[in-house]
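S.K.: Sharing a structure with you now.
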Ligand code: GUN
C-alpha cells in the first residue's frame, strides 16, 4: 500500500515543537531568535517563499526582518548589506533569497555571509562541514527531506538512492547527505543530471528516488521500480482555468501515474515545500542557541 510522506502535517507538528522550545528557552542574547531575509527585485515566487518564511517565524515566536532591494542594486551595494547583517548582533541568522538578478554574482554574495549566520547552509564552509559530517547548518530543502524520512521511519541504510538534479541547493547536497554515515543516510548514491545517458535505467534501479529536475510531471511509472520511495522536489505552476487562482501546482513526478507503484511518495503541494520552511526555523533556532558555532 502506498503511504503519503505528508510534509504539511509533519511541518505543523515540528513548528509546534519549535514554538514550545522558543517559549521555554532563555537564549544567550536574552531575546527570541531573529531571522532576516534579503529579497532583491519583485519576482513573484521569491516574494511568496519569503512571506511563508516570515509567517512561520511569527507562528513560532521568532523575530523576523525582510530587507527589500530594487532589482538594480549593485553587487557591491548588496555585499555592503550582507556585511551589515554579519555585524548586526540583533540578527542570529539570515538568508539571501535566490535567484538574484543576472548582473550579481550569487556565489560572491553567498560567500560573503558569515558562516555562523548562514542558516540556509549555502556557504562553502557549511557545505564542507556537512560533507565531513561535522556540525553545520544543512541546506533547508535537503534537510527537510532528511527529516521527512526520519520522522516517518523510512529505512535508508543500504538502499540505492538515485538523485536527479545536481544544483548546489538541492541535488548535490542531497546526494552527500544520503551517502553519509548517519541515522538517515548510508545509501549507495547515484547522482543523475542533464548529461546522464539512459536516465530510465538509473531511476528504475532506485529504492529511493529524489527528483529535483524542474520539469513538470516528467517522471512517470516507466521510471519507477515497484516499492520505491519517491521524493518530489519540483513545483511548477500549470495554467488551469478550473482553479480559482488560475493555476495548479504540480511536481516533477506524475503523481497519479506513479502513486500505486511506490511504497512512499511526497505530494505536491504539501510534501517537501513546507519541510523547507521548517528546516530554516530549525537552523535559526540553532543559530540563536549558538549550537553550531
Ligand atoms: N530559492 C529557492 N530555494 C531557496 C532556498 O532554500 N533558499 C534561498 N535563499 N533561496 C532559494
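S.K.: Within region 135-148, can one find any residue that is more than 10 Å from the ligand (Cβ to nearest atom), free of Cβ contacts under 8 Å to residues at least 60 places away in the same chain and surrounded by fewer than 20 Cβ atoms within 10 Å (Cβ to Cβ)?
M.R.: No, that holds for no residue.
S.K.: Can you tell me which residue within region 166-184, out of those that are more than 23 Å from residue 111 (Cβ to Cβ) and either touching a strand residue (DSSP E or B) at 6+ places or on another chain (Cβ under 9 Å) or in contact (Cβ under 8 Å) with a residue 40 or more places away in the chain (or both), is nearest to the ligand (Cβ to nearest atom)?
M.R.: The selected residue is 178.
S.K.: Is it the case, given these coordinates, that residue 98 is within 14 Å of the ligand (Cβ to nearest atom) and either surrounded by 19 or more Cβ atoms within 10 Å (Cβ to Cβ) or not in a loop (DSSP other than H, G, I, E, B) (or both)?
M.R.: So residue 98 does not fit the description; no.
S.K.: Could you run through region 123-134 and say how many residues are part of a loop (DSSP other than H, G, I, E, B) and within 16 Å of the ligand (Cβ to nearest atom)? Break it down stepwise before answering.
M.R.: Going through region 123-134, the residues part of a loop (DSSP other than H, G, I, E, B) turn out to be 123, 132-134.
Those still in the list that are within 16 Å of the ligand (Cβ to nearest atom) too: 123.
Residues that pass the stated criteria total 1.
S.K.: Pick from region 53-87 the residues that are touching a residue at least 40 places away in the same chain (Cβ under 8 Å) and farther than 21 Å from residue 106 by Cβ: which of them is farthest from the chain's Cα centre (by Cα)?
M.R.: The selected residue is 61.
S.K.: All but one of (1) buried (at least 19 other Cβ atoms within 10 Å of the Cβ); (2) under 23 Å from residue 52 (Cα atoms) hold for residue 239, so report the exception by its number.
M.R.: Against the list (1) buried (at least 19 other Cβ atoms within 10 Å of the Cβ); (2) under 23 Å from residue 52 (Cα atoms), residue 239 comes up short only on (1).
S.K.: I would also like to ask the following. Take residues that are under 18 Å from residue 277 (Cα atoms), under 18 Å from the mean Cα position of the chain (by Cα) and modelled with pLDDT of 95 or more and tell me which of the helices (runs of 4 or more DSSP H) falling wholly in region 139-240 contain 3 or more.
M.R.: The qualifying helices (runs of 4 or more DSSP H) are 140-151, 171-179.
S.K.: Residues to consider are 44, 30; find the one that is within 21 Å of residue 104 (Cβ to Cβ), more than 16 Å from the chain's Cα centre (by Cα) and exposed (fewer than 13 other Cβ atoms within 10 Å of the Cβ).
M.R.: Answer to the selection: 44.
S.K.: Taking interchain pairs and intrachain pairs at least six residues apart, which have beta carbon atoms under 6 angstrom, with the first residue in region 92-109 and over 18 Å from residue 137 (Cβ atoms) and the second near the ligand (Cβ under 10 Å from one of its atoms)?
M.R.: 100/106
S.K.: Mind telling me which of the residues 16, 43 ends up being more than 13 Å from the ligand (Cβ to nearest atom) and out of contact with any strand residue (DSSP E or B) (no Cβ under 8 Å at 6 or more places or on another chain)?
M.R.: Selected residue: 16, the only one of 16, 43 that is more than 13 Å from the ligand (Cβ to nearest atom) and out of contact with any strand residue (DSSP E or B) (no Cβ under 8 Å at 6 or more places or on another chain).
S.K.: OK, next. Among the residues of region 250-284, count how many are assigned to a helix (DSSP H, G or I), away from the ligand (no atom under 16 Å from the Cβ) and in contact with a helix residue (DSSP H, G or I) (Cβ under 6 Å, 6 or more places away or on another chain).
M.R.: Matching residues across region 250-284 total 3.
S.K.: Can you pull out the residues in region 116-126 that are crowded, with 20+ Cβ neighbours inside 10 Å, on the phi < 0 side of the Ramachandran plot and in contact (Cβ under 8 Å) with a residue 24 or more places away in the chain?
M.R.: If the condition is that a residue be crowded, with 20+ Cβ neighbours inside 10 Å, on the phi < 0 side of the Ramachandran plot and in contact (Cβ under 8 Å) with a residue 24 or more places away in the chain, then 117, 118, 119, 120, 122 are the ones that fit.
S.K.: Something else now. Kindly provide the set of residues from region 25-40 that are free of Cβ contacts under 8 Å to residues at least 60 places away in the same chain and either within 18 Å of residue 279 (Cα to Cα) or within 14 Å of the ligand (Cβ to nearest atom) (or both), ordered by number.
M.R.: 36, 38, 39
S.K.: Something else: For residue 113, all conditions in the list (1) surrounded by 14 or more Cβ atoms within 10 Å (Cβ to Cβ); (2) within 13 Å of the ligand (Cβ to nearest atom); (3) touching a residue at least 40 places away in the same chain (Cβ under 8 Å) hold save one; what is the number of the exception?
M.R.: (3)
S.K.: Spot the failing condition for residue 65; the list is (1) within 14 Å of the ligand (Cβ to nearest atom); (2) surrounded by 15 or more Cβ atoms within 10 Å (Cβ to Cβ), and only one is missed.
M.R.: The failed condition is (1).
The values are calculated or read from the model by the stated rules, or taken from the named source; none is laboratory data. Since we're looking at a predicted model, the values are computed, not measured. Note that each Cβ is placed from the backbone with ideal geometry, even for glycine, and that neighbours are counted across all protein chains shown.
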